[in-house]
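Comments concern the structure below.
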Amino acid sequence: MRKISSLVSQGMIQVHIGPKLPFEQAREAHLMLEGSLPRPKGKIVLVMNVQ
């Protein structure tokens with residue numbers, strides 16, 4: 001894990017983030033992954049509201 005963290009810090013590994021969707025849109029995110037909806041570039045991130 002430290003090695004990966006180091007590589008990310010050095011810019012040797014990059015993560016491409018796509019849309020950030022609220023957790024309530026998890027169904028839409030799943031449809032994007034299946035190809036039923038247009039698939040975005042990058043990783044789909046589900047955001048949870050923690051209160």
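Laboratory data are not the source of any read-out in this text; all were calculated from the coordinates shown. The structure presented is a predicted model; accordingly, all values stated were derived computationally and were not measured. Virtual Cβ from ideal backbone geometry, glycine too; neighbours counted across all protein chains shown.
Of all the residues that make up region 1-26, how many are more than 11 Å from Val45 (Cα to Cα) and not basic (Lys, Arg)?
Taking region 1-26 and keeping what is more than 11 Å from Val45 (Cα to Cα), we get 1-15, 24.
When the remaining residues are screened for being not basic (Lys, Arg), the result is 1, 4-15, 24.
Of the residues in that region, 14 qualify.
Residue count for region 13-32 satisfying the condition of being within 30 Å of Arg2 (Cβ to Cβ) and without any contact (Cβ under 8 Å) to a residue 24 or more places away in the chain: 2.
The residues of region 33-51 that are without any contact (Cβ under 8 Å) to a residue 24 or more places away in the chain and out of contact with any helix residue (DSSP H, G or I) (no Cβ under 9 Å at 6 or more places or on another chain), listed by number, are Leu33, Glu34, Gly35, Val50, Gln51.
Of the residues making up region 1-39, those that are hydroxyl-bearing (Ser, Thr, Tyr) and part of a helix (DSSP H, G or I) are Ser5, Ser6, Ser9.
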